[in-house]
1. Under 9 Å between Cβ atoms, at least 6 apart or on separate chains: pull out the pairs that start in the range 243-260 with a residue that is touching a residue at least 12 places away in the same chain (Cβ under 8 Å) and at positive phi and end on any residue that is in a loop (DSSP other than H, G, I, E, B) and surrounded by fewer than 20 Cβ atoms within 10 Å (Cβ to Cβ).
2. From the list 143, 101, 93, 105, which one is out of contact with any strand residue (DSSP E or B) (no Cβ under 7 Å at 6 or more places or on another chain), crowded, with 19+ Cβ neighbours inside 10 Å and assigned to a helix (DSSP H, G or I)?
3. Just the residues that are surrounded by fewer than 24 Cβ atoms within 10 Å (Cβ to Cβ) and either under 24 Å from residue 232 (Cα atoms) or out of contact with any Leu (no Cβ under 7 Å at 6 or more places or on another chain) (or both), please, taken from the range 283-292.
4. Where in the range 163-208 are the strands (runs of 3 or more DSSP E), entirely inside, with at least 3 residues that are over 30 Å from residue 233 (Cα atoms)?
5. If you go through the range 80-90 one residue at a time, how many are assigned to a helix (DSSP H, G or I) and surrounded by 12 or more Cβ atoms within 10 Å (Cβ to Cβ)?
6. When residues of the range 113-135 are filtered for being surrounded by fewer than 20 Cβ atoms within 10 Å (Cβ to Cβ) and either in contact (Cβ under 8 Å) with a residue 60 or more places away in the chain or not charged (D, E, K, R) (or both), how many remain?
7. Among (1) more than 15 Å from residue 265 (Cα to Cα); (2) surrounded by 15 or more Cβ atoms within 10 Å (Cβ to Cβ); (3) at pLDDT 95 or above, which single condition is residue 51 missing?
8. Determine whether the range 225-238 contains at least one residue that is open to solvent by less than 10 Å² (accessible area, probe 1.4 Å), over 26 Å from residue 133 (Cα atoms) and either among the polar types (S, T, N, Q) or free of Cβ contacts under 8 Å to residues at least 40 places away in the same chain (or both).
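The values are calculated or read from the model by the stated rules, or taken from the named source; none is laboratory data. Since the model is a prediction, treat every value here as computed from it, not as a measurement. All Cβ positions, even for glycine, are placed from backbone atoms using ideal geometry, and neighbour counts span all protein chains on display. Side chains included, ligands, DNA and RNA excluded: accessible areas come from the protein's heavy atoms. Shrake-Rupley method; radii C 1.70, N 1.55, O 1.52, S 1.80 Å.
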Amino acid sequence: MTDTAAGTPRAADRRRPNGRVGRRGRPFGLLGCGVMLAVPFVLLVVRLTGLDEGTPLAVPIVLFPYAAALSVLVLSAMLAVPALRSPWAVTAVAILTAAQVALLVPRFVPHSQHAPARAPELRVATLNADAGRADPHALVRLVQTERIDVLAVQQLPSAGVAALAKAGLDALLPYHELHPEHDSSIYSRTPLTNSGPLHADTAWPQTAADVTVGGRTVGLVAVHTYYPLGDAKRWTRDMTALTSVARHRGPDTVFLGDFNASLDHAPMRKLLASGLTDTHAELGHGWVRTWPAGKTLLPPLVQLDHVLHGSGLTGVSVGERTVPGTDHRAVIAVLALLPTRGRAG
């Protein structure tokens, strides 16, 4: 009995140091969480204030969804590990996470308008050909398989134009406005009108054209902006110029191409506020990645390629396809024309 009684306190004594060690490690654990959340916090401030506009912060803001995912993981760890359950720390991280999630959720909630039965549809696709490195035969197969009506191609040099013609693209899309010297071109199944370089203050002219769909004229702008990593101010001027154009294009318009921008960039949000809708966000595809593709072991990380449309149209479907040779994925969208009285203002 004496031995048993004496053994109990010794077992309790062995447990006490562990508790003290856990308490001593708590500040380091919280400090580690704080360090990991520094980037998500900074990106949240940039996202809320638009500090990426015309500044080098335009580059890291594309990682905002990843920062939100990191915040969710850190909050989960703090709730799961007793030593990290500091009330003030958990509250601060919960507020940070909630703010990030609130900014991201709308793009995961479908909000497209219902298109009437037999509404005229326009099947469009866009691809950055990476200076003509895209496999021309693969691109022609894509146009044929997806029954594309309008194709916008960026970074397509004269040699790329010839390669696509040789692969048979002209037989599928016989009408085109080709400007390899300006970096964007448009191919179409039906005749194009009012076509030519867009008069706007962009680094290189954007290509524009009109196409008739269901008796209505739909304006097209094949977009390829400057890139923020090269010159954030020049990229912002490009986006600002496109925003000015969009305000005067009317509801039946489509901007498609490589915007070098994600939905978290302030200039992109201003462009959308001018009366355009991102088809991916409209259909609830909130975290699509189109670049870089096929060049590294990593999968695509960010979305730079978009199909935007005015209020006279609504998204029916949207998706991405890999074309060998280029570092961008193609974006394909089916858009339906809304009745004049039923479209959004």
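1. Taking only residues 6 or more apart or on different chains, the pairs are 260/226; 260/227; 260/229.
2. Sole residue among the options that is out of contact with any strand residue (DSSP E or B) (no Cβ under 7 Å at 6 or more places or on another chain), crowded, with 19+ Cβ neighbours inside 10 Å and assigned to a helix (DSSP H, G or I): 93.
3. 283, 284, 285, 287, 288, 289, 291, 292
4. Hits in the range 163-208: 192-197.
5. So the count comes out to 4.
6. Counting residues in the range 113-135 that are surrounded by fewer than 20 Cβ atoms within 10 Å (Cβ to Cβ) and either in contact (Cβ under 8 Å) with a residue 60 or more places away in the chain or not charged (D, E, K, R) (or both) gives 11.
7. (1)
8. no
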